[in-house]
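A short worksheet on the structure shown next.
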């Protein structure tokens, strides 16, 4: 049986397909359209999912949309009326759009589905609720029979935070916090105050936090958020635009912190770095209060996480180290894109009533390493590269391919690595990656400035053999989806000089803090992905080859794209990224490309092609 899930039409549109209880395919629309966080109906993503299982829409048991549009419209009206007269202009602007597109979204969805398959049965279109979809995306793919489920994001229809219990395939939401009281929107408000774009700048806020001091922590706790011991909270809305619109904060917010909001291209002075540190600290306070409250109230040893806030890997690491739960599992596509998968799983288990994890279904990694997107045969790769005018050669011996790539990496060359199925979610996990030697002192700058075309303060994540993770990091469980931040092990760190210890702000970047400086953040933490032979044998083999050559079982791992561009989907996408940046080498399937062998006419200027938001 097949169930298709759809999310988006706000940002991060996606589709996912369940086949007989297994995740057969899942992909974001942006990967096809090349429009970052594309909000349009996910036609291309749906077609890919259907093609993966050789099915048509008419063959689906159900097609499930991830939320209920009418409830969202209800929130819009009530919020606008509550904010009158300040909310009236927003109301007048939003209502025509909702009346034309959103309120009649079922009609819109059916119209788009019929474009894909005119014989689709409209009665098969169902609607889940936003936070139920998030909860389903976290619980059903986890390895747990029973677990507590925490979902935190900006806002769904009304909910911003929910606690649910999953047991034997049933999900029951037992607690919720409703709009406008939202940790996700609070964090986004601070992100916008720092001059970053909403729905994309939150990652930057988290990364900046280590450069500042949380000197505004108490100010935020005393004025902006009333946080209770059990994790329940309320925001003082007088500091915010009442509807959390495009401009999320107001003059009262600016007066509280002593400076106006930072303009997008202005320098990041110590004030704004300290704001970032303080906002992150308060978010951690709130998340830990929630998880401690859940642990106290419910007899569950395991915790599942989803919703956009679950992408905050620093907070996730704090939850793990807090020790209230034995294990935590985080949906790798925790945001809106992952809700498409949750909608499909809700359709399969909750709506259709199929038995939970039927016969033959593996539960060790239900997500298949999140490698659920398109792949290309060796023949297709060669044909596509030839059509682009690329100069390449093929190495059919896998051991030789891995050794040659490991040699290039050990020689401090940056390598694009394009293999197998594309990852679902925001992170490259070894199939659409740019890899580099983490021991190189200048590699963070090289990756950020010469390849990613982004700010040099951005830390670089890493991939490590799962069997070696505890020798290099204070982490004693797997982290396959790059959603846990852990400290570098003490015996891998270096002692800083008094001058280095005295560095502040962005100058902290000047100090080398460990044996692997390219992936060690200024607080001696790192964003860790554990690589498992079972889910990604070729990437595991490359890391093993690098370890044999260097003694180091990890590589710097960032996504194969420039900042503002979606992760590469096709060989053509990868080749254009290769030719538009200072990447040294590209490996696609068994094909090897060296930059110096490419014709100069193929060089591209990528730096201004994509908006850096």
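The values are calculated or read from the model by the stated rules, or taken from the named source; none is laboratory data. As the structure is a computational prediction, the values presented were derived from the model and not from experiment. Reconstructed Cβ throughout: ideal geometry from the backbone, glycine too, with neighbour counts over all protein chains shown.
Below, the figures for the structure above:
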item: The lone exception for residue 353 - which of (1) touching a strand residue (DSSP E or B) at 6+ places or on another chain (Cβ under 8 Å); (2) outside the structural domain of residue 283 (by TED's automatic domain parsing); (3) free of Cβ contacts under 8 Å to residues at least 40 places away in the same chain it fails; result: (1)
item: Residue that is surrounded by the most Cβ atoms within 10 Å (Cβ to Cβ) [pool: residues in region 351-375 that are touching a helix residue (DSSP H, G or I) at 6+ places or on another chain (Cβ under 7 Å) and modelled with pLDDT under 95]; result: 354
item: Filtered residues of region 540-559 (kept if touching a residue at least 40 places away in the same chain (Cβ under 8 Å) and either farther than 13 Å from residue 403 by Cβ or not assigned by TED's automatic domain parsing to the domain that holds residue 420 (or both)); result: 540, 552, 553, 554, 555, 556, 557, 558, 559
item: Only listed residue being over 25 Å from the mean Cα position of the chain (by Cα) and over 27 Å from residue 454 (Cα atoms), chosen from 261, 289, 299; result: 299
item: Among the residues listed as 469, 460, 485, the single one being in a helix (DSSP H, G or I), crowded, with 22+ Cβ neighbours inside 10 Å and modelled with pLDDT of 95 or more; result: 469
item: Residue in region 529-544 that is at pLDDT 95 or above and under 15 Å from residue 493 (Cα atoms) present; result: no
item: Long-range neighbours under 7 Å by Cβ, at least six apart or interchain, first residue closer than 17 Å to residue 313 by Cα within region 463-475, second surrounded by fewer than 21 Cβ atoms within 10 Å (Cβ to Cβ) and modelled with pLDDT of 95 or more; result: 464/553; 473/487; 473/489; 474/487; 474/489
item: Region 300-350: number of residues that are part of a strand (DSSP E or B) and either in contact with a helix residue (DSSP H, G or I) (Cβ under 8 Å, 6 or more places away or on another chain) or buried (at least 24 other Cβ atoms within 10 Å of the Cβ) (or both); result: 7
item: Region 389-403, residues that are touching a residue at least 40 places away in the same chain (Cβ under 8 Å) and either outside any helix (DSSP H, G or I) or crowded, with 16+ Cβ neighbours inside 10 Å (or both); result: 389, 390, 391, 392, 393, 394, 395, 396, 401, 402, 403
item: Qualifying residue in region 369-385 (condition: more than 21 Å from residue 535 (Cα to Cα) and in a strand (DSSP E or B)); result: no
item: 1 or more residues free of Cβ contacts under 8 Å to residues at least 40 places away in the same chain and over 24 Å from the mean Cα position of the chain (by Cα): qualifying helices (runs of 4 or more DSSP H) within region 177-230; result: 217-223
item: Any hit, region 233-249, residues being out of contact with any helix residue (DSSP H, G or I) (no Cβ under 7 Å at 6 or more places or on another chain), surrounded by fewer than 20 Cβ atoms within 10 Å (Cβ to Cβ), modelled with pLDDT of 95 or more and not assigned by TED's automatic domain parsing to the domain that holds residue 130; result: yes
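Quick grid of which residues meet (1) more than 24 Å from the chain's Cα centre (by Cα); (2) in contact (Cβ under 8 Å) with a residue 12 or more places away in the chain; (3) closer than 21 Å to residue 577 by Cβ:
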site	(1), (2), (3)
9	no, yes, no
15	no, yes, no
23	no, yes, no
26	no, yes, no
29	no, yes, yes
32	no, yes, yes
37	no, yes, yes
56	yes, yes, no
59	yes, yes, no
